[in-house]
Structures are given as structure tokens and as C-alpha cells.
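Report on one structure; see the data block that follows.
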Number of protein chains: 2
Amino acid sequence: MLVKVFITPKEEILDPAGRAVAQALRSLGLEQVESVKVGKYLVLRLEVASPAQALQAAAKACEQLLANPLTEDYRYEVEPE
Amino acid sequence: MLVKVFITPKEEILDPAGRAVAQALRSLGLEQVESVKVGKYLVLRLEVASPAQALQAAAKACEQLLANPLTEDYRYEVEPE
């Protein structure tokens, strides 16, 4: 089973990487870029029997390692292989 | 308009960050983790009139700045705000 995890800086947190990317894109001529957020995208391959088990593992992974609860938001979705 | 961009290391490319995360998750007791890929997730906010314009800008952004075509795969999707 695959779990896709999407992690982004919280709305109120300064995101210097996002600002740098936005500026670079505008310099390339993409002046329609208003803002950019740079986050992380992880794909976990899990050996589990059910989507419920995958969700449980994903919750634990995010809470205990993948996301910083002070500065980041996250969500995840399960996808059968 | 929002464009969400998902960038992952190509299948055949060694992903040391992914291996490190997989090992760390197993150490936390998540032994059902087979493998992990670590990629990037960007959210671009664009001032455009149509989804077609957003897709065009996203293609240019990925080709010219965001993704390394030698080592990374990417996809993007447009979402009205």
C-alpha cells in the first residue's frame, strides 16, 4: 500500500525557500506568480493488510518523525498499489 | 489559481534521504515500512485568468527551474482557489 504525505510550512510561518522560488520564477518571466510555498512530498510503501492499517502507520510516522508540529501542516492519503 | 507540483526522485536514482527516513521509521517501530521516497511539494499561487494559463505557467516553471530532468520526475495539478 502506498501512503502519500504532503507537508507544508504553516500559513503564518515565514517560508524563505518559497520566497526565493517565487522571485526566481518571476525573473524567468513568470510574472503571474504571486507566492510559492515549498514543502515536502513523501511516498511511503507499506507492507500492510488494509487501508486502515496504512492510515494508522501514516499518522504515527507524521506525528513522530516526518512533520514538525510547530511549523508545518501535513496531510496524507492512502493509495492501493 | 493554485498549482500543486509534486517532484520525486526518478525510480532508478538512489534516494539517500528516502533510505534514511525509512530506516528511522522502522526504528520507531514501524516495521511495515518497505521503502520511502522523499520529494518536494510546491504550491504556486498564480494570478491567471484560466486553468489553461495556469497549466502553461506550471509547465514552464517545472521545465526551467523546479525539477531536475536528469534525476527527478514531476507532475502538477491546477486547483481553483
Open item on the list: Against the definition (buried (at least 20 other Cβ atoms within 10 Å of the Cβ), of a type outside the set (D, E, K, R) and part of a strand (DSSP E or B)), how does B:Val21 come out, yes or no?
Closed with: no
TODO: For residues that are more than 8 Å from chain B (Cβ to nearest Cβ) and of a type in the set (Asp, Glu), scanning just region A:28-81, find the one that is farthest from B:Val5 (Cα to Cα).
DONE: A:Glu63
Open item on the list: Condition first: under 16 Å from the mean Cα position of the chain (by Cα), closer than 11 Å to B:Leu30 by Cβ and surrounded by 14 or more Cβ atoms within 10 Å (Cβ to Cβ). Now tell me which residues in region A:43-61 satisfy that.
Closed with: A:Leu44, A:Ala58, A:Lys60, A:Ala61
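Report whether or not A:Glu11 is open to solvent by 60 Å² or more (accessible area, probe 1.4 Å) and within 16 Å of the chain's Cα centre (by Cα). Spell out how you get there, then give the answer.
Values: open to solvent by 60 Å² or more (accessible area, probe 1.4 Å): yes; within 16 Å of the chain's Cα centre (by Cα): yes.
Yes; evaluated as a whole, the condition is true for this residue.
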TODO: Among the residues of region B:9-26, write down those that are in contact with a helix residue (DSSP H, G or I) (Cβ under 9 Å, 6 or more places away or on another chain) and either at the interface with another protein chain (Cβ under 9 Å from one of its Cβ atoms) or hydrophobic (A, V, I, L, M, F, W, C) (or both).
DONE: B:Val21, B:Ala24, B:Leu25
Task: Which numbered condition B:Ser35 misses (of (1) among the polar types (S, T, N, Q); (2) open to solvent by 40 Å² or more (accessible area, probe 1.4 Å); (3) under 24 Å from A:Val21 (Cα atoms)) - done: (3)
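The values are calculated or read from the model by the stated rules, or taken from the named source; none is laboratory data. All values derive from a computational prediction rather than experimental measurement. Neighbour counts are summed over all protein chains in view; Cβ atoms, including those assigned to glycine, are modelled from backbone coordinates with ideal geometry. Just the protein is used for accessible areas: all its heavy atoms, side chains included, with ligands, DNA and RNA removed. Shrake-Rupley method; radii C 1.70, N 1.55, O 1.52, S 1.80 Å.
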